[in-house]
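Enquirer: Got a structure here, written out as structure tokens. Questions coming.
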Number of protein chains: 2
Amino acid sequence: MRQDSFILKGNICYSKTIGHLSTTDHGYLICHNGISRGVYPVLPEKYQNLPIIDYHDMLIIPGMTDLHIHAPQYPFRGLGMDLELLDWLNTHTFPEESRYTDLEYAIKAYKLFTDNLKKSASTRAVVFGTIHTPATSFLMEQLNTTGLKTYVGKVNMDVNCPDNLREKDAQTALDNTDEWLQKNIGKYQNTSPIITPRFAPVCSESLLEGLGKLLKKYQLPVQSHLSENLSEIEWVKKLFPWSSCYGDVYDHYELFGTVSKTVMAHCVYSTDEETELLKENGVYIAHCPQSNINLSSGIAPIRSYLDAGIPVGLGTDMAGGANLSMFRCMADAVGVSKLYWRLVDQEKKPLTIEEVFYLATKGGGSFFGNTGSFEDGYEMDALILDDSGICSTRTLTTKERLERYIYLADEGGKLAGKYTAGTEILLSE
Amino acid sequence: MRQDSFILKGNICYSKTIGHLSTTDHGYLICHNGISRGVYPVLPEKYQNLPIIDYHDMLIIPGMTDLHIHAPQYPFRGLGMDLELLDWLNTHTFPEESRYTDLEYAIKAYKLFTDNLKKSASTRAVVFGTIHTPATSFLMEQLNTTGLKTYVGKVNMDVNCPDNLREKDAQTALDNTDEWLQKNIGKYQNTSPIITPRFAPVCSESLLEGLGKLLKKYQLPVQSHLSENLSEIEWVKKLFPWSSCYGDVYDHYELFGTVSKTVMAHCVYSTDEETELLKENGVYIAHCPQSNINLSSGIAPIRSYLDAGIPVGLGTDMAGGANLSMFRCMADAVGVSKLYWRLVDQEKKPLTIEEVFYLATKGGGSFFGNTGSFEDGYEMDALILDDSGICSTRTLTTKERLERYIYLADEGGKLAGKYTAGTEILLSE
């Protein structure tokens, strides 16, 4: 029997479907070779030999996936958020990212980022690096050691951006990316590369075309940004006048879900046509509510995307979002959906706690395969939540305790344990 | 020399006017008999005999005022926020508040609340209790011991609410309130009573009239709710068909700033007429951004109120707001103002960090007189912020560190000290 076979005991919450939360008080979560074998109110005979880790009255929930996060932006989180997207990129983001040409700086900054991501409530993440190959390779190496499961992208951008952050030309960008891919594909147990055009306006058509070819060559997933901000969308329209919508630019180069799994951050202003394209191609949306607030972007119509059957997960979008916490991200997702309902479209019901919990766990987790749930056959990512520091005079149900934890994780909650694919992540290291 | 004469040394930030943040690195904040004698980059000769408390590289900011908070709602913070105001009151709030008829329960619950408010970043608060006199008297006694400066209101409500939370009739309500006032006016050093009609729809005209008289008799401040939710406003229009706007109901009974200092929570939907009335009467608005999100109320047009010269402060509105943190409240105020700009009115510029910092400190603080700033003559409320746990690779200015703390107080920030009117509040007690 391998070490990653054991039983977690506690108050277990997880989702099978988006509207529904399953809870088992003082239940048994079976982990066999890193895979969940389900949740039981009474321990089944055949698992009685597995060691039980008893978390007593704590909550046990699936690990969460941060579907969109920029590692190099961690050093300036919580700063300079008085600007909209394009000005914010030029004033704050690009100057910071240009520092990662210095590997020594990158090592310092990425160690800080990975240490904090490790201690967060995310068990999986889809991560942007920068254009710099050595820095991005170090980021992968470092993330791999955390035990978290991650995709990491070396960013591509060759036009319309500052000199010190622009790849020389499309061919150089593609050569560097290919070399980086060859070095890193299959290298790590926990971390894999993902194709990463930063966003359409900073990519030449040759670059996009070449990335489409690399994608086919290596069969890798893709991440980028889509329809975040109104000025950005206008800019894309000017740069790619032949496109029918922003998403069509990626689609034209087969970077939009037809060849491989794709995640697009934001989609605040996707048109009906773009929504249809997202749906047809099964493209994931990484909903980043706090970033959309901070950069004055607006509110993504997530209810519409869910109704259309588009796969959706949640992202912190550090440092557009200031907080690394997926609990905060869930609360923000509920919050902005309420404002969307009130201020934009009263036909679109706000998201419920059950729904955002699904998005943070199984919704985003499915980008990694069978993760984010405790159903039989799922990789066993789990978080142990100690809510004894959130005082109350009330006796609460497990579901109420989960709801309260989502709102108050930072005011008395404590992450008491974390497992990714059956391996314990040591939080105090 | 009294014990409350000393000097705080550190990186000092405070506001004199709303657009401006004053910072002094490694400066000296003079406290003499509980009153600030200003901030100096070099220690003036005449204060050289005062003891210096050296907070080294930490930030020192004025204490903050939570201008609207419901003490009895603390036990269900973070719970049941899937409803709009009126349904939320009936489903969650009123049943909880009815429990405070039991003094034993009230003692347990209010101890929890006051302990946590004491440890929070608020040095002052304007607090709702319930209709229950013994419970509210205990709340005052308990708050007084914290050293925080607070106003506490015994709630009045005699119509249109559940039997177990309705005062028998207007006369009984007024008699009980008068008796409570007589017992509690001047009783405590730190805590005073405030007249508190819950909100117009649950008060009979006789009750409002009687409260107006009590107000005059005792010259006390007033707190209530105003124009939070669209259904609430319609309801008020039906109940008081003679009123020209919701605020006019309070104004009619001289409960709206003409006799004494008044604070109204929310003002999400104040009409031009109501705005004019708020302005003319110098009524304070307690802006509660998170509550307005959680209860799907909308976004208060704070920029318009500031432009009109109406005094504004911030409130957590616990438990409409889930978080007790005034840092979170500031960040939320910036956030919703960005969404208001984007989704409602692009003429109304978002609030800046400097502006919300002013609102949380001097803006709301002015409800208590000269508090919330370090200007000469202000009562010396101060917070010591240790941001060493918010790691970065950057060297930041004091202003940047303050901005970052506002966003990340709960992700690595630590409140390392707290003073109200020159008296240290012991956070570890």
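The values are calculated or read from the model by the stated rules, or taken from the named source; none is laboratory data. The shown structure was predicted, so the numbers you read here are calculated from the model rather than taken from an experiment. Here Cβ is always computed from backbone atoms with ideal geometry, including for glycine, and neighbour counts include all displayed protein chains. Just the protein is used for accessible areas: all its heavy atoms, side chains included, with ligands, DNA and RNA removed. Shrake-Rupley method; radii C 1.70, N 1.55, O 1.52, S 1.80 Å.
Enquirer: Could you order A:Val236, B:Val344 by accessible surface area, starting with the largest, using a probe radius of 1.4 Å?
Expert: B:Val344, A:Val236
Enquirer: Here's something else I'd like to know. Can you spot the aspartates and glutamates whose alpha carbon is less than 16 Å from B:Lys187's alpha carbon? Ignore those fewer than 8 places along the same chain.
Expert: Within the straight-line limit of under 16 Å, B:Lys187 reaches these aspartates and glutamates: B:Glu141, B:Asp178, B:Glu179.
Enquirer: In chain B, what % of DSSP beta bridges are antiparallel (nearest 5)?
Expert: Percent antiparallel among DSSP bridges in chain B is about 40.
Enquirer: Taking DSSP loops as anything outside H, G, I, E and B, show the longest stretch in chain A free of trypsin sites (Lys or Arg not before Pro) there with at most 15 other beta carbons within 10 Å.
Expert: In chain A, the maximal stretch lacking such sites is A:188-393.
Enquirer: Taking the solvent-accessible surface of protein heavy atoms with a 1.4 Å probe, what is the per residue accessible area of chain A in Å²?
Expert: Details: 14590 Å² over 429 residues.
Normalised by residue count, the accessible surface of chain A is 34 Å².
Enquirer: Mind jotting down the distance between the C-alpha centroids of the range A:384-429 and the range A:1-71, whole Å?
Expert: So the separation of the two Cα centres works out to 14 Å.
Enquirer: Looking at the protein assembly as shown, what % of its DSSP beta bridges pair antiparallel, to the nearest 5?
Expert: 40 percent
Enquirer: If you take the accessible area of A alone, add that of B alone, and subtract the area of the pair, what total do you get in Å², probe 1.4 Å, to the nearest 100?
Expert: Details: alone 16810 and 16790 Å², together 29170 Å².
Looking at A and B, the buried total is near 4400 Å².
Enquirer: Based only on Cα atoms, what mean projected area does the convex hull of the range B:343-408 have, in nm²?
Expert: Values: hull surface 27.7 nm².
Over every viewing direction, the Cα hull of the range B:343-408 projects on average to 6.9 nm².
Enquirer: Could you name every residue in the range B:394-415 that has 10 Å² or more less accessible surface in the full protein assembly than in its own chain alone (probe 1.4 Å, ligands and nucleic acids excluded)?
Expert: B:Arg394, B:Leu396, B:Glu400, B:Glu403, B:Arg404, B:Tyr407, B:Leu408, B:Asp410, B:Glu411
Enquirer: Do any residues of the range B:69-85 lose at least 30 Å² of accessible area when the full set of protein chains is present rather than just their chain alone, and if so which, with a 1.4 Å probe?
Expert: SASA drop of 30 Å² or more in the range B:69-85: B:Pro75, B:Arg77, B:Gly78, B:Leu79, B:Met81, B:Glu84.
Enquirer: Please compute the alpha carbon radius of gyration of the range A:269-348, then divide it by the globular-protein estimate 2.2 N^0.38 Å. Two decimals is fine.
Expert: Working: Rg = 12.4 Å, N = 80, 2.2 N^0.38 = 11.6 Å.
For the range A:269-348, the normalised Cα radius of gyration comes out at 1.07.
Enquirer: So how long is each side of the range A:204-295 along the principal axes, counting just the alpha-carbon atoms, biggest first, in Å?
Expert: 38, 26, 22
Enquirer: Please report, for A:Lys399, the nm distances (one decimal) from its label point, 7 Å out from Cα along the beta-carbon direction, to the equivalent points in the remaining copies, shortest first.
Expert: Relative to the other copies, A:Lys399 has label-point distances of 4.9 nm.
Enquirer: Round to the nearest 10 and report in Å² the accessible area of A:Leu306, as given by a 1.4 Å probe over the protein chains' heavy atoms.
Expert: Its heavy atoms expose roughly 40 Å² to the probe.
Enquirer: If you count, for every residue in B:336-342, the Cβ atoms of partner chains within 10 Å of its Cβ, what is the mean?
Expert: 6
Enquirer: Right, next: For the range B:11-156, compute Rg over Rh where Rg is the Cα radius of gyration and Rh is the Kirkwood radius from the inverse mean 1/r over Cα pairs. Intermediate values should be presented prior to the final figure.
Expert: Values: Rg = 20.1 Å, Rh = 18.0 Å.
Ratio of gyration radius to Kirkwood radius: 1.11.
Enquirer: In debye to the nearest 20, how big a dipole does chain A give about its Cα centre with +1 on each Lys and Arg Cβ and -1 on each Asp and Glu Cβ?
Expert: 980 debye
Enquirer: Still on this structure: With every protein chain left in place, what is the accessible area of B:Tyr269 in Å² (1.4 Å probe, nearest 10)?
Expert: Per-residue accessible area (B:Tyr269): approximately 60 Å².
Enquirer: Sticking with this structure for a sec: Probe radius 1.4 Å, ligands and nucleic acids left out: which of B:Trp88, B:Trp242, A:Trp341 has the largest accessible area, and how do the rest follow?
Expert: Listed by decreasing accessible area, they come as B:Trp242, A:Trp341, B:Trp88.
Enquirer: What percent of all Cα-Cα pairs in chain A falls into each 20 Å bin, going from 0 up to the bin containing the maximum distance?
Expert: 28, 58, 14, 0
Enquirer: I'd like the projected area of the range B:204-358, averaged over all directions, using the convex hull of its alpha carbons. Report it in nm² with one decimal.
Expert: That works out to 9.0 nm², a quarter of the Cα hull's surface.
Enquirer: Can you give the three extents of the C-alpha atoms in the protein assembly as shown along their principal axes, from longest to shortest, in whole Å?
Expert: 84, 70, 52
Enquirer: Carbon and sulfur atoms: what percent of the 1.4 Å accessible area of chain B do they account for?
Expert: Reported share for carbon and sulfur atoms: 47 percent.
Enquirer: How big is the range B:290-429 in terms of Cα radius of gyration and Dmax, in angstroms?
Expert: 16.0, 48
Enquirer: Only protein chains counted, 1.4 angstrom probe. Which residues of the range A:280-317 are at least 50 Å² less accessible in the assembly than when their chain is isolated?
Expert: Correct list: A:Ile293, A:Ser296.
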